[in-house]
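Remarks on the structure that follows.
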Amino acid sequence: MTASTLSLDQLIASANADFAASADAPALENAKAKYLGKTGAVTELLKGMAALTPEEKKTRGAEINRVKSAVEAALNARRDALANDALNAKLSAESIDVTLPGRGRGSGGIHPVMKTWQRVEEIFGSIGFDVADGPEIEADWFNFTALNNPPNHPARSMQDTFYVDMNGTDGLPRLLRTHTSPMQVRYARMHAGDVTAKGKPIKVIAPGRTYRVDSDATHSPMFHQVEGLWIAEDISFADLKGVYTDFLRRFFETDELQVRFRPSYFPFTEPSAEIDMKFESGPLKGKWLEISGSGQVHPSVVKNFGLDPEKYIGFAFGSGLERLTMLRYGIGDLRLFYEGDLRFLKQFA
Ligand code: PHE
């Protein structure tokens, strides 16, 4: 029995059954074509009306319309049901666990080397040191010559560096400063007038970035130093020891420090000393680490400050901020500071 030979009620029942058996939207559209399509059963019934008398058309027409409405209603109900099922399936597949804690926002922190920088400024600031800032691209004269390191002097090779393709006013190439010591010269030359006219000492620290051709567990091509300079009529090597040891006690928050001043050589200080400290913790525990160069400023450098070396005397030091940070937290490899690894950095946040 084909759809066209069914009674009207059978036709409705058959459509209902076909729609119910359609498992998804494409199957339902195929089933729909069987009844309401161009050659569908309901359409065929409508076509058959052409041969009827006007009287017959009235009653037959009403019956066929009843069938058509019933089939359409069944189709729409099934469509809605299928759409509902699809939505439910999607919702349960994508279910979110509302009991999970939110991701939140990670809180940032200050980089451990910057923390050291801030502490150094705070401590020296509290004992009357001014804080100065200078250029990282420096003239040869400030970085070397004015510090008793004339061109071709062998001591220059102690600090190999990066040269910039741009000449300074001295005709020599500019370079990435190898230390913060050029700030001794820049600052002192700017304030020499205050020293001679007002008797105001030069008492300054200059923290900042420095550069050298160096890379291993305790050296990085870019690193940080803090320069210190105190020049007046009566500042001695003993003051250096006193001020620096006091700084270290406050920086490390303990008096139990193992510090040594080891005789050394720098062209711009005489006598000179390297300051070493012993690791109290971490992978380098028990090892000594050099944290600073220091010394009494050489008379020819005082002259380059624009001051009379017969009258003015004092000390300078240049300390590594990474080194101080390594000692404070017991860090064995300075490259950790630059890798941006959050597992490392978060410990200081
Ligand atoms: N500038 C020296 C260095 O970087 C350190 C230093 C500074 C030594 C001041 C003496 C006085 O190695």
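Given the structure, is S281 within 16 Å of the ligand (Cβ to nearest atom) and either in the same structural domain as R323 (by TED's automatic domain parsing) or more than 14 Å from L324 (Cβ to Cβ) (or both)? For S281, the condition - within 16 Å of the ligand (Cβ to nearest atom) and either in the same structural domain as R323 (by TED's automatic domain parsing) or more than 14 Å from L324 (Cβ to Cβ) (or both) - is not met.
With the structure loaded, tell me whether H224 is open to solvent by 20 Å² or more (accessible area, probe 1.4 Å) and either under 25 Å from T116 (Cβ atoms) or at pLDDT below 95 (or both) or whether it fails that test. Judged against the criteria, H224 is not a match. Which of the residues spanning the range 229-270 are small (G, A, S) and either within 12 Å of the ligand (Cβ to nearest atom) or free of Cβ contacts under 8 Å to residues at least 40 places away in the same chain (or both)? Passing the criteria: A238, G242, S264.
Within the range 332-339, not a single residue is among the small types (G, A, S), open to solvent by less than 40 Å² (accessible area, probe 1.4 Å) and modelled with pLDDT of 95 or more.
State whether the residues of the range 177-187 include one that is more than 36 Å from the chain's Cα centre (by Cα), within 16 Å of the ligand (Cβ to nearest atom) and surrounded by 20 or more Cβ atoms within 10 Å (Cβ to Cβ). Within the range 177-187 (the criterion being more than 36 Å from the chain's Cα centre (by Cα), within 16 Å of the ligand (Cβ to nearest atom) and surrounded by 20 or more Cβ atoms within 10 Å (Cβ to Cβ)), the answer is no, since none of the residues qualifies. For the range 313-331, residues that are over 21 Å from T254 (Cα atoms) and either part of a helix (DSSP H, G or I) or more than 16 Å from the ligand (Cβ to nearest atom) (or both) total 0. Looking only at residues of the range 141-165 that are touching a residue at least 12 places away in the same chain (Cβ under 8 Å) and away from the ligand (no atom under 13 Å from the Cβ), we find that the one that is most open to solvent (accessible area, probe 1.4 Å) is Y163. Number of residues in the range 284-298 that are modelled with pLDDT of 95 or more and out of contact with any Asp or Glu (no Cβ under 8 Å at 6 or more places or on another chain): the value is 1.
The values are calculated or read from the model by the stated rules, or taken from the named source; none is laboratory data. Just so it is clear, the model here is predicted, and its values are computed rather than measured. A quick note on method: Cβ atoms are made from the backbone with ideal geometry, for glycine too, and the neighbour counts reach across all protein chains shown. Keep in mind that these areas ignore ligands, DNA and RNA; they rest on the heavy atoms of the full protein, side chains included. Shrake-Rupley method; radii C 1.70, N 1.55, O 1.52, S 1.80 Å.
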